[in-house]
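The structure under discussion appears below in the form of structure tokens.
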Amino acid sequence: MSRLIPRDDSQVSAIRVHSSAMPTLKGSSLVAIVDDDDLMRSALQGLLKAVGVPARTFASAEEFLESGQQSHIACLIADIRMSGMSGLDLQARLNADRITIPTIFITAHGDERMRMQALRAGAVEFLAKPFDNKALLESVRAALET
């Protein structure tokens, strides 16, 4: 089944995703996608759906926090640079509230200092855009198994 995944902010590439790329997960496997880019949110949700992982999207960190869904989320995929609260600010807020959600950061604007900050604060992965879809799916699988 073909799905569209953004390769950067200006183009979209078609990829081929097979359901066997990721085992079907049972139980609470809801993934939250927090990104202010509509196309990225939609593409990531489609990629996860293709491998049987349900996802809910949020256009901002504030929207995610206001949703009250934190206790239902098994994995969080968040952009670093968003209007309003950044992904790192969201991570800090969740940590301060003692809410533990395995988090995967995606960014087109990251550097090594930012990567280390995210990982030290408990992120599962820090992926630079354009990222490899298999790497993202493997990170989601690992996060859902924790």
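The values are calculated or read from the model by the stated rules, or taken from the named source; none is laboratory data. Nothing here was measured: the structure is a model prediction, and the numbers come from that model. Positions of Cβ are backbone-derived with ideal geometry, glycine not excepted, and every protein chain shown enters the neighbour counts.
Among the residues of the stretch 44-55, those that are in contact (Cβ under 8 Å) with a residue 24 or more places away in the chain, buried (at least 17 other Cβ atoms within 10 Å of the Cβ) and outside any loop (DSSP other than H, G, I, E, B) comprise LEU44, LEU47, LEU48, ALA50, ALA55.
Filter the stretch 75-84 down to the residues that are closer than 18 Å to ALA59 by Cβ and buried (at least 19 other Cβ atoms within 10 Å of the Cβ), then identify the one that is nearest to the chain's Cα centre (by Cα).
Here the residue is ILE77.
Those residues that are in a helix (DSSP H, G or I) and more than 18 Å from VAL51 (Cα to Cα), I need them from the stretch 120-146; list them, please. Residue satisfying the conditions is ARG120 alone. Does at least one position in the stretch 12-34 carry a residue that is in a loop (DSSP other than H, G, I, E, B), modelled with pLDDT of 95 or more and more than 21 Å from GLY122 (Cβ to Cβ)? No, that holds for no residue. Taking the criterion of being surrounded by fewer than 21 Cβ atoms within 10 Å (Cβ to Cβ), under 23 Å from ASP89 (Cβ atoms), among the small types (Gly, Ala, Ser) and within 13 Å of the chain's Cα centre (by Cα), the only residue of the stretch 120-146 that qualifies is ALA128.
Among the residues that make up the stretch 97-119, is at least one of them surrounded by fewer than 15 Cβ atoms within 10 Å (Cβ to Cβ), part of a helix (DSSP H, G or I), more than 13 Å from the chain's Cα centre (by Cα) and touching a residue at least 24 places away in the same chain (Cβ under 8 Å)? Checked against the condition, which is being surrounded by fewer than 15 Cβ atoms within 10 Å (Cβ to Cβ), part of a helix (DSSP H, G or I), more than 13 Å from the chain's Cα centre (by Cα) and touching a residue at least 24 places away in the same chain (Cβ under 8 Å), the stretch 97-119 yields no hits at all.
Here MET40 fulfils each of the conditions (1) at pLDDT below 95; (2) within 19 Å of THR103 (Cβ to Cβ) apart from (1). Go through the residues of the stretch 100-114 one by one and say whether even a single one is of a type in the set (Phe, Trp, Tyr), closer than 15 Å to VAL31 by Cα and modelled with pLDDT of 95 or more. Checking the stretch 100-114: at least one residue is of a type in the set (Phe, Trp, Tyr), closer than 15 Å to VAL31 by Cα and modelled with pLDDT of 95 or more.
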